[in-house]
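FYI, it's all coordinate maths here, none of it is from the lab. Source: prediction; values computed, not measured. Glycine also receives a Cβ, built like all others from the backbone with ideal geometry; neighbour counts cover every protein chain displayed.
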Amino acid sequence: MRELRSFEQQSPNGRPPFNVEEFSSKASIIRKMSRHTCLAAAALLVVFCVAEAQRRLALPDPRSCANRVRHSTYRDGRGVLHSYFFSWEHAPTRNLEVDWLDARNICRRHCMDAVSLETPQENEFIKQRIAAGNVRYIWTSGRKCNFAGCDRTDLQPPNVNGWFWSGSGAKIGPTTQRNTGDWSYTGGYGQQQPDNREAAQGNDESCLAILNNFYNDGVKWHDVACHHVKPFVCEDSEELLNFVKSRNPGLRL
């Protein structure tokens, strides 16, 4: 795909709170799962089965991983170093807008994933980049657990306790505790986020986007239906990098 290859450097020679995918499984097994992409639970022992039929999580491509573009690195308050790709800062993807799953898969092809904002410092770093680029909105890896396997008591109600970072597997705090996230106080209906505003039209707002002062509310988190298209931010995935390294010992990543 053009958008996937355009992410790469030019060379002379697109889950609930648990592990996103068991990469110890053989890639051939994953490819055969055309009906459902099943992600094995690690931290909370749940199965994340996404009934996407033709659409499923992409496996990393070694060449694309080695040639991935990294616009910036950032060391968060825990001392963890992160590398990032901002779609609007790369000429071939400057005007590219995709839905939530395509955003993740473009990132994953390059041993990255959509960004997971696990600390206030990282959140502020990304927000500053959005503001500096005058970008209206972006996708993150944030997801609401509203699919098979999400009926556990601790995830109820989903709009309060079911949010997690699919890129890292980390759970997002309850949305009723406003100090555990950066949800906006308003939205299209003037209600604090997440409000699941499109549910009345049959669209569950189950993906987390950052909107740049869209409702005169600053740069804030909003729940958005996953089919909408937006720019995106990718973040290095240690899980995917280690997966590719283990199968390509001589590859420089």
Completion exercise
Counting only DSSP loop positions in segment 89-192, the GluC sites (Glu not before Pro) whose Cβ has at most 14 other Cβ atoms within 10 Å are none
Exercise for the section: Express in whole angstrom the spacing between the alpha-carbon centres of segment 118-184 and segment 188-247. Expected result: 8
Exercise for the section: Please provide three numbers in whole Å: the alpha-carbon extents of segment 123-204 along the principal axes, with the largest listed first. Expected result: 41, 30, 22
Completion exercise
Karplus-derived 3J(HN,Hα) from phi for segment 227-233 (6.51 cos²θ - 1.76 cosθ + 1.60, θ = phi - 60°), whole Hz, x at Gly and Pro, runs 7, 5, 10, 8, x, 8, 10
Handout entry: Selection from VAL69, LEU101, PHE86 lying farthest towards where the dipole of segment 62-129 points positive, charges on Cβ
Key = VAL69
Practice task
For every other residue with a beta carbon closer than 12 angstrom to the beta carbon of GLU205, add +1 if it is Lys or Arg and -1 if Asp or Glu, then tell me the sum.
Solution key: -1
Problem - Relative frequency of Cα-Cα separations exceeding 14 Å in segment 85-163, percent - result: 70
